[in-house]
Amino acid sequence: MFRLIVKDFKVAGIFWLPALILYLLSISTFVQVNLVYLLVNMVIAFILVLAVPIVEDTQRLEPFLCSLPLKRRQVVGARYLSAGMILLASLAIMETAAPLFSAVFEIEGARPGILLSPAGALSFLLPMIVFLSLFLPLYFRLGLGKALSILPIVILALSAFFGAVIRLAAWLIHEPWTAIFPLDAEIGVVPYKPFLPLASRLTNSLGTPAGWALILLAGGVIVALSLRVSIRCYEKKDL
Amino acid sequence: MDDALVIRNLSKSYPDFLLREVSFRLPRGYIMGLIGPNGAGKTTIIKLILNLVRRDDGQIAVLGRDNIADETWIKQRIGFVHETPAFYGHLTVRRTASLAGRFYDAWDDGRFRRLAGEFGLPLGKRVGRLSRGMKMKLALALALSHGAEFLLLDEPTSGLDPVFRRELLATLSGLLQDGRTSVLFSTHITSDLERPADFITFLLDGEVVFSSSREALRDSWILVKGGGDLLDECSRPLFRAVRETPFGFQGLSSRGAEVRRLLGEERATYEKPTLDEIVFLMSKES
C-alpha cells in the first residue's frame, strides 16, 4: 500500500507546481472573502486528488497498474489514503497561508482567523469528504469521464434530498429551517456558519469531546462505506 | 511434467463476444503460440489469466496456483507485455523502471540496465517521447527484470521493425535455456511462431480449434490441392476447411490417410501446411 502511495505522489509530481502557482495567484485576491477562499482551496484539493486518475485514465494505464503484483483492493485503498493525505495537507496550507498572507500583505478587511477553528476546518473537510466519497466509487466503477459527468447529477439529487430532510426536521420541531441550516448573506464571511448550530447542539448535549468524536465518526462511516463500495465496484470491473 | 499454465472450461461473455469452454495447458519451460485472427479471443484469455477481466466460469492455474486466490504470488512471477504498452508518459525510462521495480520482490535493477543497454533504451528520455517499438522494448525489459517464470506476451511483435522482431524472438529463445521460463505468446503474425513455438493453440470465434505441439500439428494436418471436380459429397466432409477458386481447390484436412485413399496420389497434391495456411483457411471457412 505504501508503495502505491509513493507511486501516486511521484506521478502527481507534475501537478504540484501549477497548483502552487494557482494558489499563490488566487490567495491574495480571495483571502478577503472566506467563502470564496474556502471554495478555491476545495477546488485545488480536488484537482490534486484527481491528478493521478487524470494521468492514469488519459494514458490508459489501468491494465499496466493491475498487472503489477497488487490486489485491486490495495489500489483502491491507496487512492483513498493518498486523497486523505492531500486533504489534510490542503487543510494545513489553507489554515496557515491565509493569516500569513493577510499579515504579510496587510490585506484590509481580511478575517482569516474565522477558518482557524474546528468548525472552520470542518467546513472544509466535511464537504470534501462527502464529495470524494461520492466521486471515488463512481470513478472506480465507470472511469474518470463518466464519473465526472454523473457526479453533478448525484450531488444535485443528494442536495434535494438533504434539503427535504432539513425541511422535514424543521417541520417536526416547529422551527424555521434556517434555524437548523442557516443560509444568509453572512455566509460569505463565515463559511462554516451552517455547521455551527448542529455542532453546538451536539457538543452541548454530549460534551465537547464526545460531540466532535461523533462528527468524526460520521465522517469515518461515510468514508468506510464509500471505500467498501469502491472496492466492490473495482473488483467487478473488466479492464 | 508440471505445468506453467492450465486452463479448464474457461468462459467469458461480452454483449458482442463469447469465449466458450476454452481448455489447454502449457508445460513449464516451453513456448506456446496463441494464434487466431483479430477478435478470436486471444487478448481476452491473457486478460483473464491476469485477472484484468472476471471469468464467468472455468479455472485458471498459473505455476500450479489459482490465478485469483493467489493473484499477487502469481503476478510476482509473471512478466507481462501488453499489445499497446502504456506507461506514465511524463516519467523517464529510469523512473518508470524504479517505479515498477518497487512492486517486485525479485527486481534486479542491474539486469534492467543491461537489457536497456542491449535494446538501446535511453534511460533519461521521457517514455511519452518513445516510439511504439521503443515502448515495446521497455515493456519487455521490465517484464524480464524480475526473474519472471512465466511470460505473457500479447501481440508483442505487431508494429515492430523486422530487425527488432528477430531480436525479440532470439531473446525469447535464449531465455528458455534455463528450462524454467515459460512463454505464452499471442499473435496474429503466425510466421513469428514458426521457429520458436513448441506448442500452438489456435482460437477462432472464442473457441479452441486445436491445441497441440508444433510437431503434432504438422503431422496431423494436410493441405490438399486439386481440381474442383474432386470435391463431391464423399470427399467434402473429409475437409475441415476448403477454399475453391476457378482453377481448383485447396482443402485442409486432419484425415490425411482417408483423403489420399479417396482422391488418389495422382489427381491431387499433398503438402504439410504452414501455420499461416491453417489459420487462413480455417478463418475463411469460419
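Among B:Leu10, B:Leu50, B:Leu5, which is away from chain A (no Cβ under 14 Å), closer than 30 Å to A:Met1 by Cβ, of a type outside the set (Gly, Ala, Ser) and surrounded by 20 or more Cβ atoms within 10 Å (Cβ to Cβ)?
Exactly one of B:Leu10, B:Leu50, B:Leu5 is away from chain A (no Cβ under 14 Å), closer than 30 Å to A:Met1 by Cβ, of a type outside the set (Gly, Ala, Ser) and surrounded by 20 or more Cβ atoms within 10 Å (Cβ to Cβ), namely B:Leu5.
Tell me yes or no: at least one residue of the stretch B:223-235 is of a type in the set (S, T, N, Q), surrounded by fewer than 14 Cβ atoms within 10 Å (Cβ to Cβ) and touching a helix residue (DSSP H, G or I) at 6+ places or on another chain (Cβ under 7 Å).
No.
Are there any helices (runs of 4 or more DSSP H) wholly within the stretch A:1-96 with 1 or more residues that are at pLDDT 80 or above and in contact with a Ser or Thr (Cβ under 6 Å, 6 or more places away or on another chain), and if so which?
Answer list for the stretch A:1-96: A:2-11, A:34-58.
Within the bounds of the stretch B:14-36, is there any residue that is within 11 Å of chain A (Cβ to nearest Cβ) and free of Cβ contacts under 8 Å to residues at least 60 places away in the same chain?
yes
If you take the residues in the stretch B:102-140 that are farther than 23 Å from B:Glu167 by Cβ and not aromatic (Phe, Trp, Tyr), which one is nearest to the other protein chains (Cβ to nearest Cβ)?
Only one residue tops the list, namely B:Arg102.
Got at least one residue in the stretch B:39-49 being under 14 Å from the mean Cα position of the chain (by Cα) and farther than 21 Å from A:Cys66 by Cβ?
Yes, that holds for at least one residue.
Sort out which residues of the stretch B:68-95 are of a type outside the set (D, E, K, R), surrounded by 21 or more Cβ atoms within 10 Å (Cβ to Cβ) and at the interface with chain A (Cβ under 10 Å from one of its Cβ atoms), and write them in order of number.
B:Ile74, B:Ile78, B:Gly79, B:Phe80, B:Val81, B:His82, B:Pro85, B:Phe87, B:Tyr88
Could you tell me which of the residues B:Ser173, B:Ser182 is out of contact with any Gly (no Cβ under 8 Å at 6 or more places or on another chain), of a type in the set (Ser, Thr, Tyr) and closer than 27 Å to B:Ile60 by Cα?
Residue meeting the stated conditions: B:Ser173.
Which of the numbered conditions does B:Lys137 fail, given that it passes all the others? Conditions: (1) farther than 30 Å from B:Ala61 by Cβ; (2) over 19 Å from the mean Cα position of the chain (by Cα).
Unmet for B:Lys137, out of (1) farther than 30 Å from B:Ala61 by Cβ; (2) over 19 Å from the mean Cα position of the chain (by Cα): (2).
Just give me the residues in the stretch B:197-211 being surrounded by fewer than 18 Cβ atoms within 10 Å (Cβ to Cβ) and assigned to a loop (DSSP other than H, G, I, E, B), in sequence order.
The one that is surrounded by fewer than 18 Cβ atoms within 10 Å (Cβ to Cβ) and assigned to a loop (DSSP other than H, G, I, E, B): B:Asp205.
What are the pairs with Cβ atoms under 7 angstrom where one residue, in the stretch B:86-105, is not assigned by TED's automatic domain parsing to the domain that holds B:Ala116 and the other, located anywhere, is part of a helix (DSSP H, G or I) and at pLDDT 90 or above? Sequence gap at least six, or different chains.
Close Cβ pairs (under 7 Å, with a partner that is part of a helix (DSSP H, G or I) and at pLDDT 90 or above) do not exist here.
The values are calculated or read from the model by the stated rules, or taken from the named source; none is laboratory data. No experiment lies behind these values; they were computed from the predicted model shown. Cβ atoms come from the backbone with ideal geometry, glycine included; neighbour counts cover every protein chain shown.
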